[in-house]
């Protein structure tokens, strides 16, 4: 991007890290072989592909043969839902991919609280004897709220024990989409207590359209894309060696710098939030006050037209979002903001500011000043 | 790849063209935006994405809004089959992706002839009043045989007229996987007479895991991957701007150089074939003698173990295939060779030599000499 732009939309897309690009580059024109070919250079491409999968698996505390490489998080989520045919439980603040996949099943959509949190006891109440899948994202992509995944996992563990005792043989799985959280939160699958986990590379400075589904060995996935039998028959198609190697590098970097980066972003975000609230005490910060992604700030200004604001800020070189990029182009109010009961006025005045690698002390402070100036200008204009 | 290697496996994978890489490169780290974001740099990424789709569409004589970008040919084929629920017709020499997708339907698998050709009248006989889809690849990936797509299209057109007259309202679609042919054959969808067409970038010196499905506007596709509603709701997931721009560049280059390149490869292939047959008159060339991809040579040597041969040739720097890379690693005989009735002995002595951009007069001649030497050595060894 141009150096005179300040990017505050890391939740929508991230620039590829130079080290990721360097890792991928050999596999485009030089080591381009089909990993299923028999000669040594192709066997080497296969080896690098498998090594990348091992590295991805290791970073989430899993085994390589429990991972399916997909074309991004959406395909991974759809594949997770393919594991079941019966009743599913998810929440009204989930990503469209989860809600759309759930719509293909008998489902219960539970309500998040006003912070966008999905309490474990709400999930507990929604689970029926025939429920086969619970899917709750690790962190919400609009609000940044981090969900109590371990507590929900306990609920599901308890449900399994109950079924065991009562002789109910219906399996129940717990899936989490960790795409939005993996850069800032430890995603060890055993510690989270999930059965399936979705992540993608495009949100962690890796290539777009590369993701994975991890599924514990007891989960029976049903392939959506059949053919040559790649990925243990679970997802056919010639393997994306470059993309997978890049994904592995991106996750390595994310894991390595997670603590440092999330501390750094939290300080920047807290300062930005404090400055904006000091300037506009009537502004409302959404998302959980404590359990929230470090770089995430969702803030609503009463009587402000956020869509106009995006363009005013862009004219000053600051790129922000009104909400999820996936919904942003549709001219409809965010289902997440409706779900947490934000008033229409506040919803329409909402900005999502998400910090990341491109954020520095200097450019975040500058952005803060520009946002304050532009919001003031808009207040003056509308109150005239 | 190393310059001292001679690559004769272009049907398995192709090295990315430097011009394709140059077209993609800006979209990794610089113009990395989510095309659904509202600010100008993201709108520009969207514009480039749509422009790439227009360019892809134009190259096959279609409209951009009839195209769905997928993660490669296999997903595209699966999506094509999702358009129907009823009876499908395909042939016993088709790619595993087509055969696997067909296996999910009531199906008739017709037999190709000894050249791997699927005659239109064989398709005609297999079509029932309730048939909804016929899928025949433009060119076979193992033999290179080019199918009579236009004649089959006429059969389907005739079937439609018959149904119209008889009041049978079941729609019937014709799908072709042109992945293996598009680099060498004009793929104008109107001239081919198909309703759906699959191509991918990885076979035409573009990025892997990028493909498309073209479907005429009267075809009702059913999405396999649901979520944010990208690709007109037919295939959700954040768009792969870099990959799609690269795909468009690759297809542009393929279209531009198609005539020149296919003439060039045909001369090289014919010379290679003539040299090998002159040295081994008992060798058998499979695939149609006339209707065959220009760079394709499938040749079988009686009493030769082709798998050993692949490694002997590799030791001399020549990379060849025994068959399709997709089946090659499975230790089973190619279903294509069984389908055309090749004896087990010949099937086990089969090499697939596929020429392409990396082939020159010089290295093809050198490869020819090395193949002759190594086959002779193997004959000597086994007849001792």
(request) Kindly indicate the residue of the stretch A:1-52 that is more than 10 Å from chain B (Cβ to nearest Cβ) and in a loop (DSSP other than H, G, I, E, B) and also farthest from residue A:211 (Cα to Cα) among those meeting that condition. (result) A:4
(request) Please go through the stretch A:236-267 and pick out each residue that is more than 9 Å from chain B (Cβ to nearest Cβ) and not in a helix (DSSP H, G or I). (result) none
(message) Go through the stretch B:145-162 and report how many residues are in a helix (DSSP H, G or I) and crowded, with 17+ Cβ neighbours inside 10 Å.
(response) 6
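From the list A:72, A:104, pick out the single residue that is out of contact with any strand residue (DSSP E or B) (no Cβ under 7 Å at 6 or more places or on another chain), over 27 Å from residue A:341 (Cβ atoms) and at the interface with another protein chain (Cβ under 9 Å from one of its Cβ atoms). So that I can check it myself, show each step before the final result.
Values: A:72 fails: out of contact with any strand residue (DSSP E or B) (no Cβ under 7 Å at 6 or more places or on another chain).
After ruling out the rest, the residue left standing is A:104.
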(message) Tell me whether the stretch B:273-285 contains one or more residues that are within 29 Å of residue A:233 (Cβ to Cβ), over 23 Å from the mean Cα position of the chain (by Cα), more than 11 Å from chain A (Cβ to nearest Cβ) and assigned to a loop (DSSP other than H, G, I, E, B).
(response) no
(message) Every residue in the stretch B:1-21 that is within 25 Å of residue A:247 (Cα to Cα) and in contact (Cβ under 8 Å) with a residue 12 or more places away in the chain, please.
(response) B:1, B:12, B:13, B:14, B:15, B:16, B:17, B:19, B:20, B:21
(message) Considering only residues that are more than 19 Å from residue A:302 (Cα to Cα), at pLDDT below 95 and either more than 12 Å from chain B (Cβ to nearest Cβ) or not in a loop (DSSP other than H, G, I, E, B) (or both), which ones fall in the stretch A:319-339?
(response) A:325, A:326, A:327, A:328
(message) Among (1) part of a helix (DSSP H, G or I); (2) surrounded by fewer than 24 Cβ atoms within 10 Å (Cβ to Cβ); (3) at the interface with chain B (Cβ under 9 Å from one of its Cβ atoms), there is one condition residue A:55 misses while meeting the rest; what is its number?
(response) (3)
(request) Confirm whether residue B:59 is assigned by TED's automatic domain parsing to the domain that holds residue B:211 and farther than 21 Å from residue A:15 by Cβ. (result) yes
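Give the residue, chosen from A:146, A:123, that is farther than 24 Å from residue A:262 by Cα, touching a residue at least 24 places away in the same chain (Cβ under 8 Å) and under 23 Å from the mean Cα position of the chain (by Cα).
A:123
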(message) Testing residue B:294 on (1) more than 14 Å from every other protein chain (Cβ to nearest Cβ); (2) under 30 Å from residue A:79 (Cα atoms), one condition comes back false. Which one is that?
(response) (2)
(message) Could you tell me how many of the residues in the stretch A:118-140 are crowded, with 23+ Cβ neighbours inside 10 Å, out of contact with any helix residue (DSSP H, G or I) (no Cβ under 8 Å at 6 or more places or on another chain) and not in a strand (DSSP E or B)?
(response) 0
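Within the stretch A:76-89, restricting attention to residues that are more than 14 Å from residue A:231 (Cα to Cα) and outside any loop (DSSP other than H, G, I, E, B), which residue is nearest to the other protein chains (Cβ to nearest Cβ)? Give the steps one after another, and end with the answer.
The first filter runs over the stretch A:76-89 and keeps only residues more than 14 Å from residue A:231 (Cα to Cα), leaving A:77-78, A:80-89.
Among the residues that remain, those that are also outside any loop (DSSP other than H, G, I, E, B) are: A:77-78, A:80-81, A:87-89.
Working: A:77: 7, A:78: 5, A:80: 12, A:81: 9, A:87: 18, A:88: 14, A:89: 18 Å.
Restricting to residues being more than 14 Å from residue A:231 (Cα to Cα) and outside any loop (DSSP other than H, G, I, E, B), the top hit is A:78.
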(request) Looking only at the stretch A:322-341, decide whether some residue is without any contact (Cβ under 8 Å) to a residue 24 or more places away in the chain, surrounded by fewer than 16 Cβ atoms within 10 Å (Cβ to Cβ) and assigned by TED's automatic domain parsing to the domain that holds residue A:22. (result) no
(request) Scan the stretch B:178-211 for residues that are in a strand (DSSP E or B) and touching a helix residue (DSSP H, G or I) at 6+ places or on another chain (Cβ under 6 Å) and report the count. (result) 5
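The values are calculated or read from the model by the stated rules, or taken from the named source; none is laboratory data. All values derive from a computational prediction rather than experimental measurement. Cβ: placed from backbone, ideal geometry, glycine included. Neighbour counts: every protein chain shown.
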